[in-house]
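The values are calculated or read from the model by the stated rules, or taken from the named source; none is laboratory data. Remember, it's a predicted structure, so these values are computed and weren't measured experimentally. Cβ atoms come from the backbone with ideal geometry, glycine included; neighbour counts cover every protein chain shown. Protein only, heavy atoms only, side chains kept; ligands, DNA and RNA dropped before computing areas. Shrake-Rupley method; radii C 1.70, N 1.55, O 1.52, S 1.80 Å.
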Amino acid sequence: MKFSLVLAAALCALSSAFAPISRPSSSTVLSATLRGEVDSIGNNIAVKELLRDVEQKQLLSKVAASGLLSKASKAGIKLSSLEPFLELAASNPDILVLVEASGPELLPLLPTIVDVAPAALPLLAGAVGIPSAAFPVLGLGLLASAYGAVAFIPDDSVLNVALQTTIVGASLVGAIAAFAGGAILGQLIKK
């Protein structure tokens, strides 16, 4: 008798794992996240403060002074070259849903991006001048460095394993960024 009760309880616990769970829609989550964070007109306070910060740091003036836009234009990057990306977004409505759903999570990152942007402008201006074929070469070099770290750094101590992990992690992130950057830059420059 007791074994049958234990078996029945176990089966009930297992079957509850397959029961559907109601989750709030993204618009419910978005409205709950933004509730209390809007002014009397309905403007999002975080976005308003971000725009004020951009204005105080004169970010657009720094973009103009860095020559990023003129270098991009010389490299063949134009607003019309963004059309394939917009068409891709239009043909895949799931992309727009993901962007909308990630809005509340990405909003706190924007002030950090604004803080880092002035220092990154010279790097971006220099990267625009690099041929898009160089980025995959960089990605392959970073993958080779990850392999080299695993192959040549011995696994005899915790410090060496931590060093391997750090090098491999940074190399993989850099390689993914290099491959993606090269592909995006190649698409933007393609006429």
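Of all residues in the stretch 150-172, which are of a type in the set (S, T, N, Q) and part of a helix (DSSP H, G or I)?
160, 164, 165, 166, 171
Could you list, in sequence order, all residues of the stretch 64-88 that are modelled with pLDDT of 70 or more and touching a Leu at 6+ places or on another chain (Cβ under 6 Å)?
Correct list: 66, 68, 77.
Per-residue answers, yes or no, for (1) within 29 Å of residue 60 (Cα to Cα); (2) over 16 Å from the mean Cα position of the chain (by Cα); (3) among the polar types (S, T, N, Q):
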site	(1), (2), (3)
117	yes, no, no
127	yes, yes, no
135	yes, yes, no
168	no, yes, no
172	no, no, no
175	no, no, no
188	yes, yes, no
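Quick one: count up the residues across the stretch 46-60 that are of a type in the set (A, V, I, L, M) and open to solvent by 100 Å² or more (accessible area, probe 1.4 Å).
2
Among (1) part of a helix (DSSP H, G or I); (2) without any contact (Cβ under 8 Å) to a residue 24 or more places away in the chain, which single condition is residue 175 missing?
(2)
Being exposed (fewer than 13 other Cβ atoms within 10 Å of the Cβ), of a type in the set (A, V, I, L, M, F, W, C) and under 30 Å from residue 69 (Cα atoms) is the filter here; which residues of the stretch 141-191 pass it?
Matches in the stretch 141-191: 173, 180.
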